[in-house]
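Written below as structure tokens is the structure these notes are about.
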Amino acid sequence: QKYIMNPLLVGGKKFDIRIYVLVVSYQPLVCYLYRTGFARFTHHRYSTNTEDITNSYIHLTNVAIQKTSENYDDKTGGKWDLRSLKLYLMSKYGQEKVSESFSQIQHMILKTLLSVQKSMINDKHCFELYGYDVLFDSNLKPWLLEVNASPSLTGTTPQDFEMKSSVVDDVFTVLDMEKILTGNEEQIGGF
């Protein structure tokens with residue numbers, strides 16, 4: 001593990017992003033990247049001072065931790081939707097640089113899935129929904145923090161609840177239990 005000492009900050013606060021990936025087969029690899037995700041922010045300004053090194057509110061973006069902070073915002077839950085984050089980043093760094101960073105995330109996701117492909121049991125009746133947590137450094141380089149095999153789908157705000165409900169609904173649309181898809185779709189729901 002490596003601690004990223006130069007995380008990209010927004011308003012002086014550290015954040016990471018959550019991206020959902022649905023895998024319906026490992027042999028062959030068939031996966032879907034959800035277009036909507038969110039950024040999770042800390043509720044305290046970032047600091048590298050040694051006296052702040054143990055302050056979880058500064059360094060960890062997990063909602064379970066942040067919601068216990070006295071600075072926690074119940075209305076936003078300390079989250080931005082991915083679209084808002086991308087628009088903000090494009091206004092600061094330009095569309096080309098932001099697009100390149102998100103392209104690197106897509107490659108990162110594929111590499112992680114391919115790295116475990118041979119060791120995964122492939123059952124045509126099963127699927128996996130993963131939550132990828134990614135951090136940007138100050139150069140807009142993405143770093144994989146973790147892959148959650150059982151990402152929380154609990155909404156902490158009305159907007160968060162709506163987005164996560166859509167993820168679940170769209171998962172079942174992709175799974176096509178009713179056999180209504182043709183197989184030629186370029187986009188299915190939010191995937």
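The values are calculated or read from the model by the stated rules, or taken from the named source; none is laboratory data. All values reported here derive from a predicted model rather than from experimental measurement. Here the Cβ positions follow ideal geometry from the backbone for every residue, glycine too, while neighbour counts run over all protein chains shown. Surface accessibility is based on the protein's heavy atoms, side chains included, excluding ligands, DNA and RNA. Shrake-Rupley method; radii C 1.70, N 1.55, O 1.52, S 1.80 Å.
Annotations for the structure displayed:
- Among (1) surrounded by 16 or more Cβ atoms within 10 Å (Cβ to Cβ); (2) touching an Asp or Glu at 6+ places or on another chain (Cβ under 9 Å); (3) under 12 Å from residue 135 (Cβ atoms), the one test that residue 6 misses: (1)
- Residues within the stretch 122-145 that are under 13 Å from residue 18 (Cβ atoms) and either touching a Cys at 6+ places or on another chain (Cβ under 7 Å) or modelled with pLDDT under 95 (or both), tallied: 0
- Unmet requirement for residue 106, which otherwise passes all of (1) touching a helix residue (DSSP H, G or I) at 6+ places or on another chain (Cβ under 9 Å); (2) touching a residue at least 40 places away in the same chain (Cβ under 8 Å); (3) of a type in the set (S, T, N, Q); (4) open to solvent by 50 Å² or more (accessible area, probe 1.4 Å): (1)
- Qualifying residue in the stretch 139-158 (condition: over 15 Å from the mean Cα position of the chain (by Cα), without any contact (Cβ under 8 Å) to a residue 40 or more places away in the chain and under 24 Å from residue 75 (Cβ atoms)): yes
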